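Below is one structure, written out as structure tokens; the observations come after it.
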């Protein structure tokens, strides 16, 4: 199941990269023209970093969900 999750996450990440490149290009245009403030650039960079690592966050969440689910449905007495 983890293999399938990795394949699906990698596929989704690959599909979304062109859209993100469009946003990055737009932000670069705003930076070049001087219309984006330093705070806006910092916020955009933070959001971009979060986007790059969202597959790792999701895998961690699935892993924790699997542990909780296994503990919830354990079949041996405590």
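The values are calculated or read from the model by the stated rules, or taken from the named source; none is laboratory data. Predicted, not measured: the structure shown is a model, and the values here were computed from it. Neighbour counts are summed over all protein chains in view; Cβ atoms, including those assigned to glycine, are modelled from backbone coordinates with ideal geometry.
Of note:
- From the list 46, 51, the lone residue that is at pLDDT below 90, surrounded by 10 or more Cβ atoms within 10 Å (Cβ to Cβ), under 13 Å from the mean Cα position of the chain (by Cα) and part of a helix (DSSP H, G or I) is 51.
- Tally of residues being in contact with a helix residue (DSSP H, G or I) (Cβ under 7 Å, 6 or more places away or on another chain) and assigned to a loop (DSSP other than H, G, I, E, B) across the stretch 20-41: 1
- Criterion: surrounded by 10 or more Cβ atoms within 10 Å (Cβ to Cβ) and either part of a helix (DSSP H, G or I) or at pLDDT below 90 (or both) - qualifying residue of 56, 70: 56
- The C-beta contact set for the stretch 18-29 (first residue free of Cβ contacts under 8 Å to residues at least 60 places away in the same chain, second residue assigned to a helix (DSSP H, G or I) and surrounded by 12 or more Cβ atoms within 10 Å (Cβ to Cβ), distance under 6 angstrom, 6+ apart or interchain) comprises 27/44.
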